Every structure is written in structure tokens, then in C-alpha cells.
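Engineer: One structure, pasted below without further comment.
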């Protein structure tokens with residue numbers, strides 16, 4: 001069973017349309033939703049949660065339509081939005097008590113362990129926590145009620161690099177159980193490149209691609225060569241090129257490049273930036 005299936009999802013606002021989005025997240029996998037601010041990442045997650053009503057299309061969460069008993073579905077879905085939505089007056093210890101009465105599968109032991117692992121003070125009011133600490137508390141709640149699917153909207157935003165790396169490791173551990181999956185949005189592409197099995201590029205409300213990360217990295221690469229060597233290549237082999245007095249650099253399709261040229265790995269960030277530039281031309 002797939003953790004998430006989205007087909008033909010459309011939602012229009014004045015000046016912006018999330019346009020005919022289709023993607024699938026297999027169970028046990030992590031899908032990274034990459035896009036600049038305003039690309040539609042948060043809108044997509046809110047539509048999945050039925051916080052916004054779609055204009056058209058379908059969304060299935062763990063095999064069920066997302067409008068079919070959303071309360072029951074949310075028992076199996078852990079959510080971290082850009083704003084945690086926790087009352088300012090509550091501390092982490094009080095949040096745990098409330099969640100214990102909210103979720104039938106709440107795990108107090110796991111919650112306490114996660115607070116300690118992420119160095120979250122349990123007696124400090126939410127309003128006095130830093131942005132990073134607020135985000136970490138949201139993560140602690142999301143992973144502590146038996147979730148099978150995590151929906152994470154910029155969860156590493158505001159975290160320092162050391163803590164960010166620890167959180168990324170925690171998400172990897174979460175999906176070691178093949179019944180658990182994650183959809184994570186971020187503009188910090190390096191986090192997603194380390195973490196994700198699938199990558200989706202979202203730009204101005206349009207899905208540019210959704211593919212296995214290893215397939216993307218295996219299909220594309222970077223070459224450094226002379227301008228003459230570049231001119232001799234099949235035009236469809238070159239996605240993007242940059243020529244300087246010192247030579248040429250190009251993003252290419254690996255299978256169309258002769259063995260005489262050395263192909264270097266490409267990063268997901270480089271590929272995303274290229275596709276966005278091509279889309280705006």
C-alpha cells in the first residue's frame with residue numbers, strides 16, 4: 001500500500017494556482033518536496049490534511065480518501081507545520097499530558113526520550129522557546145503517537161547545522177520500519193539529498209518532476225570540457241551550459257556523453273536550479 005497518492009490535485013487562489021499535481025509516496029520511503037518560497041509546498045500539505053478544500057483531484061492517505069473520517073486518519077499522521085500551533089502558555093511537559101489524552105497511541109516514554117535527545121526544556125513556556133526549539137517540540141509530538149506518515153513542512157528551518165543533522169538522522173530511523181513514510185518539504189536541498197528516496201520539484205504551483213533520487217543522480221551529471229568539445233555533443237544531451245575563458249561546464253544526460261569525457265556527479269540542488277531556470281525562459 002502506498003502511504004500517499006495524489007492525482008490531478010488543483011487549487012486556485014487569486015494570483016496563484018496549484019496546477020494538476022500528481023505524485024505517489026510508497027510505504028517505507030521518504031519523499032522530498034523541493035521548491036522556493038511560494039512554490040506551493042505548504043498549500044500541498046494543507047490540502048493533504050483537508051485544511052484547505054481542493055478544487056479538483058484526489059488524495060489518498062494510507063489507502064483512504066483524505067476526506068473520509070479525517071479524525072481517524074490524523075491518528076496515523078504526524079504533522080509539523082511552519083507554525084507548531086501550540087499555545088504560548090504551555091510547556092513541553094504540559095503538551096505531553098494533553099497529547100496523552102488526544103491520541104490513543106500516545107507514547108509517553110518515546111516523547112520523553114525525544115525531548116531529551118533534542119535537548120528541549122520541559123518546563124519552559126512555549127512562547128519563550130526559540131524558533132528552532134519550537135520546531136523541535138513539534139517534531140517530538142509528531143513522532144510520539146504511533147504515526148505511520150509524517151507530513152513535515154520545513155522542519156529543519158531555524159535549526160543550527162548540528163541539530164539539523166541530528167533531526168535528519170531521526171527521520172531516517174523513523175522509516176526503518178517499512179510501514180512508516182515521510183513527506184518533507186524544504187528549501188534546504190542538502191538535507192533532502194541526504195534523507196530522501198524520492199524527490200519532487202515544485203515551481204510556481206507546477207510539479208516539474210517526481211522521481212527516485214538515485215534515478216535522477218544516475219541520469220544526469222556535470223562535465224568540464226573545452227568549448228569545441230561541447231559544440232560536438234548532441235544538442236539534446238546538454239541541459240545547461242556555462243562557457244568562460246577557462247572552458248565549458250555543462251549539465252548533461254549521462255547516457256549521451258562519449259566515454260572520452262569525464263562525467264562528475266550532480267547535486268539535486270544544481271539540477272533543481274537548472275530546471276527552474278529552464279521553466280522561466
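Engineer: How would you rank 176, 117, going from fewest to most other Cβ atoms within 10 Å of each one's own Cβ?
Structural biologist: Taking fewest neighbouring Cβ atoms as first place, the list is 176, 117.
Engineer: Go ahead and run the numbers for FRET between residue 236 and residue 36, Cβ-Cβ distance against an R0 of 25 Å, rounding to 0.05.
Structural biologist: Given R0 = 25 Å and the Cβ-Cβ separation, E is 0.40.
Engineer: Here's a follow-up. Using r as the Cβ-Cβ distance of residue 94 and residue 263, and R0 as 45 Å, what FRET efficiency do you calculate, to the nearest 0.05?
Structural biologist: The pair residue 94/residue 263 has a calculated efficiency of 0.20.
Engineer: Any idea how far the Cα center of segment 159-182 sits from the one of segment 1-21, in Å?
Structural biologist: The two parts, judged by their Cα centres, are 26 Å apart.
Engineer: If you take the square roots of the eigenvalues of the alpha-carbon gyration tensor of segment 82-193 and sort them as a ≥ b ≥ c, do you get rounded (a/c under 1.5), prolate (a/b over b/c) or oblate?
Structural biologist: Oblate is the answer for segment 82-193, as a/c is 1.5 or above yet b/c matches or exceeds a/b.
Engineer: Roughly what would the spin-label model give for residue 172 and residue 1, points 7 Å off Cα along C-beta, in nm?
Structural biologist: A separation of 2.8 nm, rounded to one decimal place.
Engineer: Only residues of segment 32-61 count here: report those whose backbone N is under 17 Å from the spot 7 Å along Cα→Cβ of residue 70, or say none.
Structural biologist: Output list for this probe position: 42-61.
Engineer: Which whole-number percent gives the relative contact order of segment 100-233, counting Cα pairs below 8 Å spaced six or more residues apart?
Structural biologist: 17 percent
Engineer: Enter the Cα centre distance for the pair segment 203-227 and segment 57-95, rounded to the nearest angstrom.
Structural biologist: Cα centres, segment 203-227 to segment 57-95: 33 Å.
Engineer: Between residue 219 and residue 46, what is the spin-label point distance in nm, taking each point 7 Å from the Cα along the Cα→C-beta axis?
Structural biologist: 3.1 nm
Engineer: Quick check: convex hull of the Cα atoms in segment 217-280, volume per residue, rounded to a whole Å³?
Structural biologist: Considering the Cα atoms of segment 217-280, their hull volume per residue is 89 Å³.
Engineer: Suppose we look only past 26 Å in the calculated P(r) of the chain. What percent of the Cα-Cα pairs does that tail hold?
Structural biologist: The answer is 49 percent, as a whole percent.
Engineer: Further question on the same structure: So how do 41, 148, 124 line up by other beta-carbon neighbours within 10 Å, fewest first?
Structural biologist: Fewest-to-most Cβ neighbours within 10 Å comes out as 124, 148, 41.
Engineer: Quick one: order 83, 36 by neighbouring beta-carbon count within 10 Å, fewest to most.
Structural biologist: 83, 36
Coordinate-derived values only; no laboratory data. None of the values given here were measured: they were computed from a predicted structure. Cβ: placed from backbone, ideal geometry, glycine included. Neighbour counts: every protein chain shown.
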